[in-house]
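Asker: My questions will all concern the structure given below.
The values are calculated or read from the model by the stated rules, or taken from the named source; none is laboratory data. Because the structure is predicted, anything quoted here is derived from the model rather than measured. Heads up, the Cβs are rebuilt from the backbone with ideal geometry, glycines too, and the neighbour counts pull from every protein chain shown.
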Amino acid sequence: MKQYLKLDEWKIIEDQFHPEFNEITESIFSLGNGRMGQRGSFEETYTGKSLQGNYVAGVYYPDKTRVGWWKNGYPEYFAKVLNAANWNGLEIKIGNEIVDLHQSTVHAFYRELNMKEGYILRTCQISLPSGKSLEIKSIRFNSIADDESGAISFTIKVLNFSDSIQVKAFIDGDIKNKDSNYDEKFWDQVQVGAEGNTSYVWSKTKKTGFEVLTGQQVQIELNGQSPSLNAITNTSEKYSSLTYSIPVNEGDSLTIFKYAVNLSSENHPTQELLTRSQAYLNRISKKGFAQMLIEQAAAWEAKWAINDIVIKGDVSAQQGIRFNIFQMNQTYTGADDRLNIGPKGFTGEKYGGSTYWDTEAYCIPFYLSTAPQQVAKNLLIYRWKQLDRAIENAGKLGFNQGAALYPMVTMNGEECHNEWEITFEEIHRNGAIAYAIKDYVEYTNDRKHLVEYGWEVLIGISRFWAQRVNWSENHQKYVMLGVTGPNEYENNVNNNWYTNYFAVWCLKYTLEVLAEIQANYPNEAKEKLAKTAFQTSEIAQFEHIIANMYFPRDENKGIYLQQDGFLDKVIAPVESIPAGQRPINQNWSWDRILRSCYIKQADVLQGMYFFENDFTKEEIARNYDFYEPITVHESSLSPCVHSILAAKLGKEDKSYEFYTRAARLDLDDYNNDTEDGCHITSMAGTWMSIVKGFGGMTVSNHQLNFEPFLPAQWEEYSFKINFRANQLAIKIHKSGIEIDNLSATPITLGVKGKSYTIEANSKQSI
C-alpha cells in the first residue's frame, strides 16, 4: 500500500510533492464529465514520470490482431481506448527558462481533488535553476454543465524577479497510446488553425474515421486587469498554439484562462465541427471561468444530493466511498445509450474496450438506486442494440439458430479482446447480461421491458447455453467443457460451477419470461416470438438441461467446487505466500498461478452473491469459509462480493475489512497498478458493499428490505436510494435505523423481517 495522500471527507490531498508516485496521482486526480475526460497531469511542462492522457467518449481504434491459424474465429482486432489531443497544454518561459517542476526546486506543494465541487486545485512555490522564484496556482475542471468542454485558471505570482513571461497555450494532437506497438500513432490530421485568441486541432482516427475537433480560447489577466495583447499564432502537423509575451515585475500576478472544447463527429455533423466549436468557445469564454466554476459546483451539488453516502466516525472510509462515487459520476451519466462504462473510464488506457460484464454485474445496481430509471435502462438497451453482433460472435464459434454470445470486451458490439481464454472461454458474461435484465425489471417494475427488449436478448443467450453444453455418458448429465470462470487464474477448465449454474438459471428465467409476456402482452409477444423464430420444442430442450445439469461438488466438505478437479490442487491459505511474492500476478509465472489453488476472485461465492436465496445460510457459510482463505483478491471486483457475503453471514469485521480494501483500492494502490488508471467498474461494488452489505438492502416480491448493521468503527452512516416512485433517505446509527420517505407516496418495506409503512414525506425511527 502507498498511503501518501491525506485523509479528508471531501478532498483527495497531496500536501507535498511525491514525484515517485506521480503517475498514481495522475490516475487518482482524473477528471471527466461523461463525454470527455483526462488524467490529472500538470498543465505546464513536466519532464519527470508522467502519463499524459485525454479521452473522448466513444472514440477508439481497432488495432489489428495477429494469431496462428489454429485460432479460427479469433477477433480481428483489439480495440484501444485512444489517447486524444492534449488540450490543457501550457509552456511557461521566464526569460529563456522553461518552468518545469522536475528541473526546479520545490519549496512548497499542494494539490487537491475537490470531489464536492468537481475540480483540481494545485499550488506550489518553486525556484528555477537561475534562482528565480514564483508561485503557481491552477484550477482545472471538465464541465458537467457544458459537457464537451473544460477550463483552466493558471496563475503565476512573481516573487523575486522582473522579466518577461512567455506563455504558450497549445493543443497537441501528435500523441500516442502508452501501449501502442512500435510507437504507432492512431490519428491523422484533418485541419489545424489559429487566429486571434483561438486555435484548434482537427483530427481523424485511422481506420474508424472518428473525427474530433479540439479547440481553445485564451484570456490573460495581469493584476486583475486585461492587458492589450496580441498572440503569436503557430500551426504545424497536428499542433496549434497561441504565444503571449508579458513583461512582469516582482509581486505581479499573471493569470491565464484557457477554455477548451472537444467536439466529436459522433455528436455533431462533420461539416459543422469548426463553426460549432467556435460558437461553443465564444459562449463559455463569455460566461467566464468564475461562472463556469459556480455552475460546476451546482451540478455536482445536484448529483451528491442523490447519491452521497455519509459516514460519521471514519474519515478514511468516508473519503474512500466518496472517491468511488465521484469517479462513477464522472465516467457515465446515462445521457447517451451508445456509451458504456469502461474499466478505466477516463483515467487510463489499460484493458482496451469500453464495455465489460462489469457493467451488468456491478454498475447497474448503483445506477438503479441513484439515478433516474432511464439511466440503467439505457445500459440494457445498449446490449439489445448489439444483439446482432452477439449472434455473429457466436456464429464464429459454430453456433447457430440465433444463439448469442455477447463479447467479453467491445466498443460497438463486436468482440475485440486479444486473449483467447478470456474471449471465448470466459462465457459467463452472458449470464451477467441476463441477470441485469431481471435486476432492472424487479427493481423498477418496468415489466414491459421484457417484451420490448428483454426477450430477444434472453432467448439468444439461452440458445447459446443450450448449444454450448453437451451430454456426458459418464455423468449422465449435461456438462460444459473448456471454460474460464470469473477467476481468471484457472483457464480452460471443465464444469466451472459458476458458469454451469448461470446457464441453468438463464434457461429457467427465459422460460419464466416467456410465460409472462405471453400472458400479459399476447400481441407483442406473438410478434417477438415470430421475430426470433422461437419453436415450442425449445421449451422441452431447456427443461431437460435444467433438470440434468452437472454441478461439481464435494460432499465431505459440503461445498461446491470451482470446477472438476479443484481439490487435486494443494490447498494452502494465502498467508502461506511470502509477502514479497504478492501480488502473485506480478511475481509468479502464469504456469505456477494456474497450478496453484489461489483465486483471483471466487467463482462459487460470486454465484452465491447473485443467487443468495437459492442457498441456505449454512451452505453459504461453508463455501465462504473454504474459499475466502485462498482468495488473493487480485481482481478489483473481488473484495466487494466478499464484503457483502460476510455481512450476510454476520462476519461484520471481515465485511468491514473487505469494504476498506474495495473503497481504497486505488487511493492506497493495493494492487500496485493504479498508475495505469483507476478501477472504475469495481467502484460501484464499493457502493454495494455499504448499501447491500452493511445496509442489507434487497428487493423481493416488489418490496424493499433492509437487514442493516453498524460497523464498530463508525458512529453512523446514511444513504439515499430511489425505488420506483419513492426516494428514501436511510440512516443507521447506534440507536437503530431512521427511514425518511422524501416522496409524495407512502411505501411499505421490510426491516429485519418486520413490515413498516412510511407515509409520504415523513420519517420513522425503527
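Asker: Just to be sure I understand, how many residues within segment 564-614 are assigned to a helix (DSSP H, G or I) and polar (S, T, N, Q)?
Answerer: Residues that pass the stated criteria total 6.
Asker: Right, here's the next one. So which residues in segment 340-363 are closer than 14 Å to Asp439 by Cβ and in a loop (DSSP other than H, G, I, E, B)?
Answerer: Correct list: Trp357 only.
Asker: Here's another thing I want to ask about it. Might you check whether a residue that is closer than 24 Å to Glu612 by Cα, touching a Ser or Thr at 6+ places or on another chain (Cβ under 9 Å), part of a loop (DSSP other than H, G, I, E, B) and not aliphatic (A, V, I, L, M) occurs anywhere in segment 410-430?
Answerer: Looking through segment 410-430, at least one residue is closer than 24 Å to Glu612 by Cα, touching a Ser or Thr at 6+ places or on another chain (Cβ under 9 Å), part of a loop (DSSP other than H, G, I, E, B) and not aliphatic (A, V, I, L, M).
Asker: Same structure again: Going by the conditions given, is Phe109 at pLDDT 95 or above and hydrophobic (A, V, I, L, M, F, W, C)?
Answerer: yes
Asker: To continue, here is another question. Just to be sure I understand, how many residues within segment 438-492 are small (Gly, Ala, Ser) and surrounded by fewer than 20 Cβ atoms within 10 Å (Cβ to Cβ)?
Answerer: Here the count works out to 2.
Asker: Determine which single condition Thr745 fails, assuming it passes every other condition in (1) in contact with a Cys (Cβ under 7 Å, 6 or more places away or on another chain); (2) of a type in the set (S, T, N, Q); (3) assigned to a loop (DSSP other than H, G, I, E, B).
Answerer: Among (1) in contact with a Cys (Cβ under 7 Å, 6 or more places away or on another chain); (2) of a type in the set (S, T, N, Q); (3) assigned to a loop (DSSP other than H, G, I, E, B), the lone unmet condition for Thr745 is (1).
Asker: Looking at Gln52, Gln3, which is the one that is touching a residue at least 12 places away in the same chain (Cβ under 8 Å), farther than 16 Å from Asp668 by Cα and either surrounded by fewer than 24 Cβ atoms within 10 Å (Cβ to Cβ) or touching a Pro at 6+ places or on another chain (Cβ under 9 Å) (or both)?
Answerer: When all the criteria are applied, what remains is Gln52.
One line per residue, one yes/no per condition, for (1) over 34 Å from the mean Cα position of the chain (by Cα); (2) surrounded by fewer than 18 Cβ atoms within 10 Å (Cβ to Cβ); (3) among the small types (Gly, Ala, Ser); (4) modelled with pLDDT of 95 or more:
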position: Ile92; (1), (2), (3), (4): yes, no, no, yes
position: Leu101; (1), (2), (3), (4): no, no, no, yes
position: Ser104; (1), (2), (3), (4): yes, no, yes, yes
position: Tyr119; (1), (2), (3), (4): no, no, no, yes
position: Leu128; (1), (2), (3), (4): yes, no, no, yes
position: Ser133; (1), (2), (3), (4): yes, no, yes, yes
position: Ser138; (1), (2), (3), (4): no, no, yes, yes
position: Phe141; (1), (2), (3), (4): no, no, no, yes
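Asker: Let me ask another. How many residues does segment 634-671 hold that are assigned to a helix (DSSP H, G or I), in contact with a strand residue (DSSP E or B) (Cβ under 8 Å, 6 or more places away or on another chain) and touching a residue at least 40 places away in the same chain (Cβ under 8 Å)? Step through it out loud before you land on a result.
Answerer: Taking segment 634-671 and keeping what is assigned to a helix (DSSP H, G or I), we get 638-648, 652-663.
Restricting the remaining residues to those that are in contact with a strand residue (DSSP E or B) (Cβ under 8 Å, 6 or more places away or on another chain) gives 638, 642.
Okay, now just the ones that are also touching a residue at least 40 places away in the same chain (Cβ under 8 Å), so 642.
Looking only at that region, the number is 1.
Asker: Taking the options Ile539, Ile620, Ile584, name whichever one is surrounded by fewer than 20 Cβ atoms within 10 Å (Cβ to Cβ), closer than 24 Å to Thr681 by Cβ, modelled with pLDDT of 95 or more and among the β-branched types (Val, Ile, Thr).
Answerer: Testing whether each residue is surrounded by fewer than 20 Cβ atoms within 10 Å (Cβ to Cβ), closer than 24 Å to Thr681 by Cβ, modelled with pLDDT of 95 or more and among the β-branched types (Val, Ile, Thr) leaves just Ile584.
Asker: If you don't mind, there's one more thing I want to ask. Could you check how many residues of segment 691-716 are touching an Asp or Glu at 6+ places or on another chain (Cβ under 9 Å) and either crowded, with 18+ Cβ neighbours inside 10 Å or not in a loop (DSSP other than H, G, I, E, B) (or both)?
Answerer: So the count comes out to 10.
Asker: Kindly evaluate Phe161 against the criterion of being among the hydrophobic types (A, V, I, L, M, F, W, C), part of a strand (DSSP E or B) and in contact (Cβ under 8 Å) with a residue 12 or more places away in the chain.
Answerer: On the way: among the hydrophobic types (A, V, I, L, M, F, W, C): yes; part of a strand (DSSP E or B): no; in contact (Cβ under 8 Å) with a residue 12 or more places away in the chain: yes.
It is false that Phe161 is among the hydrophobic types (A, V, I, L, M, F, W, C), part of a strand (DSSP E or B) and in contact (Cβ under 8 Å) with a residue 12 or more places away in the chain.
Asker: What pairs come out if I take residues in segment 579-599 that are in contact (Cβ under 8 Å) with a residue 24 or more places away in the chain and within 15 Å of Glu421 (Cβ to Cβ) and pair them with residues that are outside any strand (DSSP E or B) and polar (S, T, N, Q) whose C-beta lies under 7 Å away, six or more apart or interchain?
Answerer: Close Cβ pairs (under 7 Å, with a partner that is outside any strand (DSSP E or B) and polar (S, T, N, Q)) amount to Ile593/Asn585; Leu594/Asn491.
Asker: Within segment 398-428, which residues are of a type in the set (S, T, N, Q) and surrounded by fewer than 20 Cβ atoms within 10 Å (Cβ to Cβ)? Reasoning before the result, please.
Answerer: Of the residues in segment 398-428, the ones of a type in the set (S, T, N, Q) are 400-401, 410, 412, 418, 423.
Asn400, Gln401, Asn412, Asn418, listed by residue number.
Asker: Can you name the number of the only condition in (1) surrounded by fewer than 23 Cβ atoms within 10 Å (Cβ to Cβ); (2) part of a strand (DSSP E or B); (3) modelled with pLDDT of 95 or more that Asn22 fails?
Answerer: (2) is the only condition that Asn22 fails.
Asker: Six or more apart or on different chains, Cβ under 7 Å: which pairs go from a residue in segment 295-312 that's on the phi > 0 side of the Ramachandran plot and in a helix (DSSP H, G or I) to one that's at pLDDT below 95 and of a type in the set (Phe, Trp, Tyr)? Could you list them?
Answerer: none
Asker: Tell me the residue from Phe42, Phe17 that is among the aromatic types (Phe, Trp, Tyr), assigned to a loop (DSSP other than H, G, I, E, B) and in contact with a strand residue (DSSP E or B) (Cβ under 7 Å, 6 or more places away or on another chain), please.
Answerer: None of the other options fit; the residue is Phe17.
Asker: Counting only residues that are of a type in the set (A, V, I, L, M) and farther than 17 Å from Ser264 by Cα, give me the strands (runs of 3 or more DSSP E) lying completely in segment 175-234 with at least 3 of them.
Answerer: Counting at least 3 such residues, we get 211-222.
Asker: Of the conditions (1) out of contact with any Leu (no Cβ under 8 Å at 6 or more places or on another chain); (2) surrounded by 24 or more Cβ atoms within 10 Å (Cβ to Cβ); (3) of a type outside the set (Phe, Trp, Tyr); (4) closer than 21 Å to Glu555 by Cα, Leu605 clears all except one; give me its number.
Answerer: (1)
Asker: Something else about it: Quick test of your reading of the structure: His679 fulfils all but one of (1) surrounded by 24 or more Cβ atoms within 10 Å (Cβ to Cβ); (2) under 30 Å from Ile747 (Cα atoms). Name the failing condition by number.
Answerer: (2)
Asker: Looking at Phe366, Phe323, can you tell me which residue is within 30 Å of Tyr453 (Cβ to Cβ) and either part of a strand (DSSP E or B) or aromatic (Phe, Trp, Tyr) (or both)? If you could, list the steps in order and put the result at the bottom.
Answerer: Values: Phe323 fails: within 30 Å of Tyr453 (Cβ to Cβ).
Every option except Phe366 fails the conditions.
Asker: While we're here: Return the residues of segment 707-738 that are farther than 19 Å from Ala647 by Cβ and touching a strand residue (DSSP E or B) at 6+ places or on another chain (Cβ under 7 Å); say none if nothing qualifies.
Answerer: Lys720, Phe723, Asn726, Gln727, Leu728, Ala729, Glu738 - these are the residues of segment 707-738 that are farther than 19 Å from Ala647 by Cβ and touching a strand residue (DSSP E or B) at 6+ places or on another chain (Cβ under 7 Å).
Asker: Kindly indicate whether any position in segment 375-390 is under 13 Å from Glu415 (Cα atoms) and among the aliphatic types (A, V, I, L, M).
Answerer: The answer is yes; a qualifying residue exists.
Asker: Under 9 Å between Cβ atoms, which residue pairs at least 6 apart in sequence (or on different chains) link something in segment 512-523 that is farther than 15 Å from Ser462 by Cα and of a type in the set (S, T, N, Q) with a partner that is surrounded by 15 or more Cβ atoms within 10 Å (Cβ to Cβ) and at pLDDT 95 or above?
Answerer: Gln518/Ala525; Gln518/Leu529; Asn520/Arg447; Asn520/Leu450; Asn520/Val451
Asker: Among the candidates Ile341, Ile311, Ile364, which residue alone is within 16 Å of the chain's Cα centre (by Cα), surrounded by 20 or more Cβ atoms within 10 Å (Cβ to Cβ) and modelled with pLDDT of 95 or more?
Answerer: Ile364
Asker: A further question follows. Just the residues that are touching a Leu at 6+ places or on another chain (Cβ under 7 Å) and aliphatic (A, V, I, L, M), please, taken from segment 168-188.
Answerer: Within segment 168-188, just Ala169 meets the criteria.
Asker: Okay, moving on. Could you check Glu759 against (1) in contact (Cβ under 8 Å) with a residue 40 or more places away in the chain; (2) more than 30 Å from Gly352 (Cα to Cα) and say which number it fails?
Answerer: Single failed check for Glu759: (1).
Asker: Next up: Looking for something among the aliphatic types (A, V, I, L, M) and farther than 18 Å from Asn495 by Cα - is there at least one such residue anywhere in segment 540-554?
Answerer: Yes: one or more hits.
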